[in-house]
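Report on the structure given below.
The values are calculated or read from the model by the stated rules, or taken from the named source; none is laboratory data. Since we're looking at a predicted model, the values are computed, not measured. Here the Cβ is made from the backbone with ideal geometry for all residues, glycine too, and neighbour counts use every protein chain on show. We work out accessible area using only protein heavy atoms, side chains counted, and drop any ligands, DNA or RNA first. Shrake-Rupley method; radii C 1.70, N 1.55, O 1.52, S 1.80 Å.
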Amino acid sequence: MKIESVATARLLLQPLTVADAERIVARESAAGDLWGEGYPGDGDVRSATGFLRGVAERGDPGVFRPYAIRLAESGVTVGGIGFHGPPDEIGVVTVGYGLVPVARGNGYASEALRALLEIARRAGASGAKGDADLDNPASHRVMEAAGMPCVAEDERLRHFYRGF
């Protein structure tokens, strides 16, 4: 299944293929991969591992997959964003994201998350949720800037949600 890349003002969300995910898990770039310093991070490896497991168990997830976050100007991959899997029984998807340290603080994560939420909405999801550790205010700001308000908090996490 061919999934199209999504362009924003400054970014390109490139859907991962199985081959891409395998390289990320192995942390071995191939010719043509433009990986920024620190990519892939541990979160990228976890996401790619989950994607590969999901493909093996359920088949191709369509648009509900991980995406590489690339700078539109240079094509350099500076992080990842995506879905933890297909929508749940009520149509809600779980999202996650991360950027290499040098790319943080530029609004890229919020820009990418807004685009990802639009992918989910267009694909028929009823909403999107995400969470972040209490001591991660930068991630809280990302979700809030993308239109996902905090809806709950427990002893470890703040929980964010946006319905469509």
Criterion: among the acidic types (Asp, Glu) and part of a helix (DSSP H, G or I) - qualifying residue of Glu4, Glu57, Glu37: Glu57
Candidates Ala128, Ala103, Ala112, filtered to the one that is of a type outside the set (S, T, N, Q) and under 14 Å from Gln14 (Cα atoms): Ala112
Those residues of region 112-130 which are closer than 18 Å to Pro149 by Cβ and either touching a Lys or Arg at 6+ places or on another chain (Cβ under 8 Å) or not in a loop (DSSP other than H, G, I, E, B) (or both), in sequence order: Leu113, Arg114, Leu116, Leu117, Glu118, Ala120, Arg121, Gly127, Ala128, Lys129, Gly130
Matching residues in region 133-159 - criterion: being under 19 Å from Val78 (Cβ atoms) and in contact with a strand residue (DSSP E or B) (Cβ under 9 Å, 6 or more places away or on another chain): Asn136, Ala138, Ser139, Val142, Met143, Ala146
Selected residue [closer than 17 Å to Gly43 by Cα and over 15 Å from the mean Cα position of the chain (by Cα)] from Val142, Val102: Val102
Residue satisfying condition, being touching an Asp or Glu at 6+ places or on another chain (Cβ under 6 Å), on the phi < 0 side of the Ramachandran plot and not aliphatic (A, V, I, L, M), within set Gly96, Gly80, Gly130: Gly80
Selection from region 4-43 of residues that are in contact with a Ser or Thr (Cβ under 9 Å, 6 or more places away or on another chain) and open to solvent by less than 40 Å² (accessible area, probe 1.4 Å): Leu13, Pro15, Leu16, Ala21, Ile24, Asp33, Gly36, Tyr39, Pro40
Search result, residues across region 119-140 that are among the charged types (D, E, K, R) and exposed (fewer than 14 other Cβ atoms within 10 Å of the Cβ): Arg122, Asp133, Asp135
Residue within region 141-150 that is hydrophobic (A, V, I, L, M, F, W, C), open to solvent by 40 Å² or more (accessible area, probe 1.4 Å) and assigned to a strand (DSSP E or B) present: yes
Residue check for Gly50: under 19 Å from Gly107 (Cα atoms), of a type outside the set (Phe, Trp, Tyr) and without any contact (Cβ under 8 Å) to a residue 60 or more places away in the chain: no
Pair list, Cβ < 8 Å and 6+ apart or interchain, from region 88-115 residues that are in contact (Cβ under 8 Å) with a residue 12 or more places away in the chain to residues that are open to solvent by 10 Å² or more (accessible area, probe 1.4 Å) and among the basic types (Lys, Arg): Val92/Lys129; Val93/Lys129; Thr94/Lys129; Val95/Lys129; Tyr108/Arg10; Ser110/Arg141; Glu111/Arg10
Candidates Gly50, Gly43, Gly62 - the one that is in a helix (DSSP H, G or I), out of contact with any strand residue (DSSP E or B) (no Cβ under 7 Å at 6 or more places or on another chain) and small (Gly, Ala, Ser): Gly50
Pair list, Cβ < 6 Å and 6+ apart or interchain, from region 121-150 residues that are within 18 Å of Val100 (Cα to Cα) to residues that are aromatic (Phe, Trp, Tyr): Met143/Phe160
